Amino acid sequence: MQHSNRVTGVVLIVCVFASLGALVYPLLVLQPFRAQGPRELAAALIVLRIQPWLTLVLALASLIAALRYWHSRPRTWKAVLFAAGAAVAALVAVFVRINIFEQMFHPVDRPAFAAASAVKLDAKEKVLAVQIGGQARAYPVRSISYHHMVNDVINGAAIVATY
């Protein structure tokens, strides 16, 4: 009985850490303004592709492990830890279904502007400049590359600045 509980504990721990790894690894690799190597990028994209099914299987396996432990023992603090581990794996399986990159890279709908003399940009900073009817705007490429799009209105004309 003790050996079976030990194996069940190892299964639960592996499931929880594998779930967390499947959630965190793509987030660590696929960051804006961070260079990615071809191998780590390929690995992160593979993890993203299998993430929903992998985390679902790991959540189910951790739930089964927690239930097996729960039924084999009286209600102890270890049983509560097993239930918490299964809950963590289940939460990860839910979180991976949220496209965090969509949340991170949302368009700017209300850009703020300052006079060119008040802005502190690096001398090598690139900007996209737009002038319509005497009104001009400059959008730093660094900001646009993070948000991908800036929705704006210049002199009454709706525009989208993108990079």
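Just a few scattered comments:
- Filter result (at pLDDT 85 or above and either hydrophobic (A, V, I, L, M, F, W, C) or touching a Cys at 6+ places or on another chain (Cβ under 7 Å) (or both)) within the range 1-22: VAL7, VAL10, VAL11, LEU12, ILE13, VAL14, CYS15, VAL16, PHE17, ALA18, LEU20, ALA22
- The residue of the range 96-151 that is surrounded by the most Cβ atoms within 10 Å (Cβ to Cβ), among those that are among the aromatic types (Phe, Trp, Tyr) and without any contact (Cβ under 8 Å) to a residue 60 or more places away in the chain, is TYR139.
- For THR8, the conditions (1) closer than 20 Å to TYR69 by Cα; (2) within 13 Å of the chain's Cα centre (by Cα) are fulfilled apart from (2).
- Residue check: SER143 meets all listed conditions (1) farther than 30 Å from LEU48 by Cβ; (2) at pLDDT below 90; (3) touching a strand residue (DSSP E or B) at 6+ places or on another chain (Cβ under 9 Å) but one, namely (1).
- Those residues of the range 39-77 which are among the basic types (Lys, Arg) and touching a residue at least 60 places away in the same chain (Cβ under 8 Å), in sequence order: ARG68, ARG73
The values are calculated or read from the model by the stated rules, or taken from the named source; none is laboratory data. Values in this document were obtained by computation on a predicted structure and should not be read as measured data. Here Cβ is always computed from backbone atoms with ideal geometry, including for glycine, and neighbour counts include all displayed protein chains.
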